[in-house]
Each structure stands twice: as structure tokens, then as C-alpha cells.
Amino acid sequence: MDQAAIKRCVKLWQKRLLLGHWTVEVEFSELDGYAADCHAQPEYLQAKLRFDTGSDIDEDTVIHELLHCYTHGLAHVAEQLAGADDRWKEMVRIEEERLTTSLEKLFTQDL
């Protein structure tokens with residue numbers, strides 16, 4: 001998808017995922033080693049989605065990143081509990097991604 005199509009897809013899925021009351025900013029830049037990311041601030045109902053300009057972004061990726069709006073709060077608490085222990089922080093990251101990917105499949109898998 002080109003940048004305009006990605007922005008349209010974000011708007012469509014923002015509504016479908018009941019995030020219409022959130023402020024979602026979309027940016028395009030060169031990301032180091034990944035296609036997209038989401039920085040969510042659930043307490044403010046805000047999120048920033050960044051998409052790598054060199055990656056082929058599809059609808060599944062957009063859905064996945066928007067779903068981080070729901071998982072970010074829990075992951076943030078777990079990261080705080082992990083403290084300075086990098087192993088625990090990495091476990092939190094892995095489990096947040098696993099949960100987000102599982103939720104994504106609810107919307108993208110053919111039944």
C-alpha cells in the first residue's frame with residue numbers, strides 16, 4: 001500500500017476496532033529492522049503509528065499496530081514490574097507481541 005492507502009486503512013480499522021474516539025497519528029519514516037510500530041498512550045486516548053517507508057505494509061500490519069492500543073497499558077505495567085531486569089522486559093515484549101498477534105488473527109483469518 002502507498003502512504004495514502006495506509007492512512008485510509010488506519011481510519012477504517014480505527015473505527016472497526018472501536019478506537020474512533022482515539023487520536024491516532026500516522027507517520028512514515030525509515031525504521032531500523034521492523035515494518036511498523038505503535039506508541040500508545042491509553043490514558044490520553046492517543047497513539048502514534050509509524051510505518052517504514054521501505055516496507056510493504058498490508059492491512060494485517062495496520063490492524064496489528066492499532067491493536068497495540070489495547071495491549072500497551074498492560075505491557076507498560078508489566079515493564080514497570082520488571083524493573084531493570086532486561087530478561088523480564090524482553091519476556092514482556094514477546095508476550096505483548098504474541099497477544100497482539102493473536103488478537104490480530106481474530107480479524108484477519110478466514111473462517
Before we move on, is D32 among the charged types (D, E, K, R), modelled with pLDDT under 95 and either assigned to a helix (DSSP H, G or I) or out of contact with any Pro (no Cβ under 9 Å at 6 or more places or on another chain) (or both)? yes
In this structure, is E65 touching a helix residue (DSSP H, G or I) at 6+ places or on another chain (Cβ under 9 Å), in contact (Cβ under 8 Å) with a residue 24 or more places away in the chain and either within 27 Å of K7 (Cβ to Cβ) or not small (G, A, S) (or both)? yes
What pairs come out if I take residues in region 98-111 that are without any contact (Cβ under 8 Å) to a residue 12 or more places away in the chain and pair them with residues that are among the aromatic types (F, W, Y) and surrounded by fewer than 10 Cβ atoms within 10 Å (Cβ to Cβ) whose C-beta lies under 9 Å away, six or more apart or interchain? none
Note down all Cβ pairs under 8 Å where the first residue falls in region 12-24 and is over 12 Å from I63 (Cβ atoms), the second is among the basic types (K, R), and they're at least six residues apart or on different chains. V24/K48
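Every residue, every condition in (1) at pLDDT 95 or above; (2) in a loop (DSSP other than H, G, I, E, B), yes or no:
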| residue | (1), (2) |
| --- | --- |
| F51 | yes, no |
| Y70 | yes, no |
| H76 | no, no |
| L81 | no, no |
| R98 | yes, no |
| L106 | no, no |
| D110 | no, yes |
With respect to the numbered conditions (1) modelled with pLDDT of 95 or more; (2) surrounded by 13 or more Cβ atoms within 10 Å (Cβ to Cβ), which one is the sole condition not fulfilled by E25? (2)
Mind checking whether some residue in region 52-63 is surrounded by fewer than 19 Cβ atoms within 10 Å (Cβ to Cβ), more than 16 Å from W22 (Cβ to Cβ) and in contact with a strand residue (DSSP E or B) (Cβ under 6 Å, 6 or more places away or on another chain)? yes
Which condition number in (1) touching a Phe, Trp or Tyr at 6+ places or on another chain (Cβ under 9 Å); (2) over 19 Å from T101 (Cβ atoms) is the one that E43 fails? (1)
If we keep just the residues of region 72-98 that are among the hydrophobic types (A, V, I, L, M, F, W, C) and more than 21 Å from Q46 (Cβ to Cβ), which is surrounded by the most Cβ atoms within 10 Å (Cβ to Cβ)? V92
List the pairs whose first member sits in region 31-43 and is closer than 22 Å to V77 by Cα, whose second member is modelled with pLDDT of 95 or more and of a type in the set (A, V, I, L, M, F, W, C), and whose Cβ atoms are under 6 Å apart, counting only residues at least 6 apart or on separate chains? C38/A47; C38/L49; A40/A47; A40/C69
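The values are calculated or read from the model by the stated rules, or taken from the named source; none is laboratory data. These numbers were taken from a predicted model, which means no experiment stands behind them. Cβ coordinates were reconstructed from backbone atoms using ideal geometry, including for glycine residues, and neighbour counts include every protein chain displayed.
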